[in-house]
Structures are given as C-alpha cells and as structure tokens.
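Student: One structure, pasted below without further comment.
Computed from the coordinates by the stated procedures, all read-outs in this text should not be read as laboratory data. Computed from a prediction, not measured in an experiment: that's the story for all the values here. A quick note on method: Cβ atoms are made from the backbone with ideal geometry, for glycine too, and the neighbour counts reach across all protein chains shown.
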Amino acid sequence: MKKLLAAMACTLSLVAGAQTTWPDKPVTIVVPFPAGGSTDMVARAMALQMGTALGQSFIVDNKPGATGTIGAGFVKRAAPDGYTLLVSSLGAFVVTPHLVKSVPYDATKDFDYISVPVQAPNVLVASPKQKERTLAEVIALLKANPGKVSFASSGNGSSDHLSAEVFWQQSGTEGLHVPYKGGAPAINDLLGGQVDFSFQNVNAVLPHIKAGKLHAIAVTGDKRSPVLPDVPTLAEAGVKGAEVYSWQGLAAPKGLPAAVKDKLAKAAVASMNDPAVKQRMLEQGLEIVASTPAEFTAFQAKEWARWKTLIDTRKISAD
C-alpha cells in the first residue's frame, strides 16, 4: 500500500511539474486549411507572439481537407497536454458537424475552448458587371428573378454561404448558391463577372473594393466596419436579423490541465492585444475579440444552436 501511495504521489508530482513547466518543448498549432488563408494568417501571428512570450517554439502545421474536419479530428485524438492545439474558423466548430453525417469528433464534447482571437463581418459585394449599388436594388433584382441571381461562396457551410442564406431568409428572397472550393476561386469568378454577388470576408476583398474592382453594398456586422466606414450594415439598409461574423478560434483536446489552460489562454489573449499585431489585424478589417475560455465556451454553444437551426430550417446540405 505504501508503495502504491508513493507511486501515486510520484505520478502526481510529475503531472504537476509538467503543468508548471509547460511549455518545455515545441507546441504544434494545427490549422485545418491550406497555408495563406485568413485562419492560417491568424494562427501564425498568434504562434509568433505566444512563442516569444512563453520562450518556446509554436509551429503551425497545415492539415487541410474535408472542410476542416481532418485537422480537427487529428487534434481531438492528440494528448490533452498543451502541445497540440487547433486554430480553425467557425466551420469546424459550429457548422460542418450539422452538414456532414460523420465527422471524426464531437465539437460539443471533445475540445477545451481557449479563445476567439478575431472576428470579421462579411461584406456583400457585386461583380463589376452588376449595376446594383444599394441593398434595395439587390432585393428588387432577386424578387424579379427568384432563384436565378448567383451568389458565390467559398464552399457549402462557409460563413459567406451562411450569410447569403440568412440574408435570403430575412429579406424574403431566394438566390442561386454557387459554391467553390475556397475563397480565392470564388473571388476570381466574381471579379470576372461569372457570378453576380458574394458575401465575402471583409479582409479577403478589401483590396478589390479599394481598387474599384468590386462594389461593396452592405456589411453583415452589427456595426459598420472601420475599414469600410461608408458601407451600411444590412440592418441599416433595411434587412434586420442577418448579422453574421466570420471568426477564428483556438482550442485544445478536452482535458487540458487547469494550469496549462490558464497559461495558454493568457498568452493567446496577450498575443492579440500586442500593439503591432492589433494594428495589422485592424488594417485588414479584422476585429480583436481575445475572449477568455469561459467566454469562448459560451459563444461556441450559442453559435452551435444558431447554425443548427438555420441549416435545419433552410435544409442546407454539404452536397
């Protein structure tokens, strides 16, 4: 019995030691999308800042595929020791599990939610060929041509797709959803006039709006975007209840030791509040959230319920 107690005490001591010394080896941040996108950019900014603050390397590992679920599933299976983390957009956390019959994780049970670093509204943009410049004109076009006016998205269940679905629902209209495999090809076809409109992440289309290549009509936030101060919100333009934000979240496998979770959360929040990082994010149209674990956990539950209801009501599928 004494030997058992001694062994247990030794084990507890080792665990406690691991918690207090974390991180004492490189930390991997899995991004379940290709390099170069918004999520990847946010993850790399966080990795650099957290690595500097905690004195250890934070390495971004891109594991794309199956709309983010491959990378998320990989993190779910990792040890909950703080050395494997996940930075994903909202899709993997609150959307895709409602669209796909089988995903390799349960987003409500398999992760410790650490922080939402940033969010951004989407912006309704018109292709160069479209004459519409106001939301009222877009709605009039949709009502005159139900189900025929095309709206590009970066894929089924993406925030730009969901923005369109909410907009159609709240405005009593119906458009033609055209999903692409990523934001870049959707924007390219929009610029070329192959599709009519799109709700794109502000940061993704801001250069094209500034260059006059795309026409901004309304933003999906609850307030105007600081980088598009002259563009009204959907509510200001007459369509209420259609607020949508694209966001990124930092999570870990469920069961993270409390001390590690606290240390990680503080480093994540600090990384986004670094003046240089903050300025860079704001210039691109991203808004700093830097939420706590409790705030992110509550937010995930709220977003989970919202998108499940919309997907069920609108009968959206991943096909």
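Student: Name the residue from GLY192, GLY155, ALA265 whose Cα lies farthest towards the positive end of the charge dipole of the chain, charges +1 on Cβ of Lys and Arg and -1 on Cβ of Asp and Glu.
Tutor: The residue sitting farthest along the positive end of the dipole is ALA265.
Student: Which entry in [x] 40, 20, 16; [y] 45, 20, 17; [z] 31, 25, 19 is this structure's computed semi-axes √(5λ) of the Cα gyration tensor in Å?
Tutor: Label [x] holds the value from this structure.
Student: In terms of the Cα gyration tensor, with a ≥ b ≥ c the square roots of its eigenvalues, is the stretch 111-190 rounded because a/c is under 1.5, prolate because a/b exceeds b/c, or oblate?
Tutor: Prolate.
Student: Only Lys, Arg, Asp and Glu count, each charged at its Cβ (+1, +1, -1, -1), so figure out the dipole size of the chain about its Cα centre, rounded to 20 debye.
Tutor: 480
Student: Still on this structure, I have one more. Report the semi-axes of the equivalent ellipsoid for the stretch 145-299 in whole Å, largest first, where each axis is √(5λ) for an eigenvalue λ of the Cα gyration tensor.
Tutor: 32, 18, 16
Student: Could you rank the peptides 114-123, 198-207 by their average count of other C-beta atoms within 10 Å per residue, with the highest value first?
Tutor: Ranking, from highest mean packing down: 114-123, 198-207.
Student: Which value in nm describes the separation of the simple spin-label points at LYS181 and ILE288, placed 7 Å from the Cα toward the beta carbon?
Tutor: 3.8
Student: Here's a follow-up. Label-point separation (nm) for ASP230 and ASP262, each offset 7 Å from Cα along Cα-to-Cβ?
Tutor: 5.1
Student: Per DSSP H run of at least 4 residues, take -39500 (n - 2.57); add these up for the chain, divide by its residues and hand me the 222 nm value, nearest 500 deg cm²/dmol.
Tutor: So the helix-based figure for the chain works out to -13500 deg cm²/dmol.
Student: In the chain, which helices (entire DSSP H runs) extend 30 Å or more along their own long axis, judged by Cα positions, while averaging at least -1.0 on the Kyte-Doolittle scale?
Tutor: For the chain, where a helix must reach 30 Å along its axis and average at least -1.0, the hits are 293-314.
Student: Separate question: Can you flag which of LYS181/LYS240; LYS25/LYS266; LYS261/LYS308; LYS213/LYS278; LYS143/LYS240 are past 22 Å Cα-Cα?
Tutor: LYS181/LYS240; LYS261/LYS308; LYS213/LYS278
Student: Can you give the convex hull volume of the alpha carbon atoms of the stretch 198-283 per residue, in Å³?
Tutor: So the per-residue hull volume is 132 Å³.
Student: Kirkwood Rh and Cα-based Rg: tell me the resulting Rg over Rh for the stretch 23-134, rounded to two decimals.
Tutor: When Rh is taken as the Kirkwood radius, the ratio is 1.06.
Student: Where Lys and Arg each count +1 and Asp and Glu each count -1, what net charge lies around GLY285 among other residues with Cβ under 12 Å from its Cβ?
Tutor: Summing Lys and Arg as +1 and Asp and Glu as -1 gives +1.
Student: Something else: Please name which of VAL205, VAL123, THR21 has its Cα lying farthest along the dipole of the chain towards the positive end, using unit charges on Cβ (Lys, Arg +1; Asp, Glu -1) and the Cα centre as origin.
Tutor: THR21
Student: Just check the stretch 252-301 against the gyration tensor rule for me: Cα atoms, a ≥ b ≥ c as the square roots of the eigenvalues, rounded for a/c under 1.5, and otherwise prolate or oblate depending on whether a/b exceeds b/c.
Tutor: Verdict is oblate for the stretch 252-301.
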